[in-house]
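Asker: Dropping a structure here in structure tokens format, bear with me for questions.
The values are calculated or read from the model by the stated rules, or taken from the named source; none is laboratory data. These numbers come from a predicted model, not from an experiment. Cβ placement follows ideal geometry from the backbone for every residue including glycine, while neighbour counts extend to all protein chains displayed.
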Amino acid sequence: MNLKSFLKTLKFQIGVYAIFMTIWYCLSSEYTYGFLIMGTVSCWLTLILSIRLRVMKQTGDLTYRGVFRIIAYYFWIVKEVIKASIDVSKRIWSPNGASYSGFCRIEIPKTNHIGMVAFANSITLTPGTISVYLKKNILIVHTLDTSLEEGLRRDSGKIIDRVNKLIRYGHKGKQC
């Protein structure tokens, strides 16, 4: 490994670490010294494990567009969580209150392994749905109400498009 590629890799890893720390810091509610030290250590361990498990490429370029894709996805998923929370609250507090939970099978459109996991996690994050089983391109989801299944199947293409934009699947050039 020459010096130029080493510095490029180091720059990428420092950038990813900075993103991990920023996200951790923004999502934390306690800022004592012990808590900050644990956050620093956990972000370093996450970075080391993701490199050792080859979850991400070590020599990628951390560009502003990549950071903006992450931020855009974060705001989109927060909006979806809020909408789903309101829907679940209405279902729980409705006078008739009849809900019939069930399982549905969703075929995941074309993406890679990271995209499938991100897709399943996006579904699990939204209240009222939990990803139960993922194999190849099949995802089994438990829904709070069977009426959610139709919307889930209908919107799965939109979700996977967002995930593919996030991980740059299908784009020319570097991908996750």
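Asker: Could you tell me which numbered condition Glu30 fails, if it satisfies all but one of (1) modelled with pLDDT under 85; (2) farther than 28 Å from Tyr169 by Cβ; (3) in a helix (DSSP H, G or I)?
Answerer: (3)
Asker: Still on this structure, I have one more. Taking the stretch 1-47, which residues are among the basic types (Lys, Arg) and within 22 Å of Ile71 (Cα to Cα)?
Answerer: The answer is Lys11, and nothing else.
Asker: Same structure again: Take Thr59 and decide whether it is of a type in the set (Val, Ile, Thr) and either in contact with a Leu (Cβ under 7 Å, 6 or more places away or on another chain) or at pLDDT 85 or above (or both).
Answerer: no
Asker: Here is a further query. Does Phe68 satisfy being more than 26 Å from Leu134 (Cβ to Cβ), assigned to a helix (DSSP H, G or I) and at pLDDT 85 or above?
Answerer: For Phe68, the condition - more than 26 Å from Leu134 (Cβ to Cβ), assigned to a helix (DSSP H, G or I) and at pLDDT 85 or above - is not met.
Asker: Taking the criterion of being out of contact with any Leu (no Cβ under 9 Å at 6 or more places or on another chain), at pLDDT 85 or above and among the basic types (Lys, Arg), would at least one residue in the stretch 74-89 satisfy it?
Answerer: Checked the stretch 74-89: at least one residue is out of contact with any Leu (no Cβ under 9 Å at 6 or more places or on another chain), at pLDDT 85 or above and among the basic types (Lys, Arg).
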